[in-house]
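Here is the structure we will look at, set down as structure tokens.
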Amino acid sequence: MSKLSKLCPCGTDLNYTVCCGKFHKGKIHAATAEALMRSRYSAYVLDLTQYIFRTWDETTRPTLQSLRDGNTQQFIGLKVLSTSKGGADDVLGTVEFIATYKVGDQLFEHHENSRFKRHKKRWVYVEPI
């Protein structure tokens, strides 16, 4: 089964092409901070470093090469715990989540409360808070 015909890695019950896939193709932008966070998680799962780089605020993002070099984990699941603001009419928002992943045989959880902002009419990831 190709990556385009299965459920989206972000944890919704939607097909990848109608969920995060549409953002990854760059035809439309996420309307909310949560949608952007989910699409970024899916991009980590699918190793789409260009998308991760493009959706990271330019004032806080690492180099593209460091993103490519640092992706050694296998992501297993995403749980969104809460959101604050980050809607279609907001300019700032936060999303708290837990991403479960493996490195080798070890299982880890990454718990983060992320800050997002709207920049040039699209949401970008800023930093953990």
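So, in Å, what gap is there between the alpha-carbon centers of region 1-54 and region 85-117?
Comparing the Cα centres of region 1-54 and region 85-117, I get a distance of 14 Å.
Please get the size of the charge dipole for region 3-128, origin at its Cα centre, with Cβ charges of +1 on Lys and Arg and -1 on Asp and Glu, quoted in debye to the nearest 20.
600
Which shape class, rounded, prolate or oblate, goes with the chain when its Cα gyration tensor gives a ≥ b ≥ c as root eigenvalues, a/c under 1.5 marks rounded, and past that a/b bigger than b/c marks prolate?
Rounded, because the longest to shortest axis ratio a/c is under 1.5.
Going down the table (K6/K79; K79/K117; K25/K79; K22/K117; K6/K85), which pairs top 26 Å between alpha carbons?
K6/K85
Starting from the Cα of S84, step 7 Å toward the Cβ, then list every residue of region 27-49 with an amide N under 16 Å from that point.
From region 27-49, the list is 33-34.
Determine the calculated [θ] at 222 nm for the chain from helices alone, applying -39500 (n - 2.57) to every DSSP H run no shorter than 4 residues and normalising by the residue count; nearest 500 deg cm²/dmol.
My calculation for the chain gives -5500 deg cm²/dmol from helical runs alone.
Which shape class applies to region 37-81: rounded if a/c is under 1.5, otherwise prolate when a/b exceeds b/c and oblate if not, where a ≥ b ≥ c are the square roots of the Cα gyration tensor eigenvalues?
Oblate.
All of the numbers you see were taken from the coordinates with simple rules; none came from a lab. Every value quoted in this text rests on a predicted model; they were computed, and no experiment measured them. Here Cβ is always computed from backbone atoms with ideal geometry, including for glycine, and neighbour counts include all displayed protein chains.
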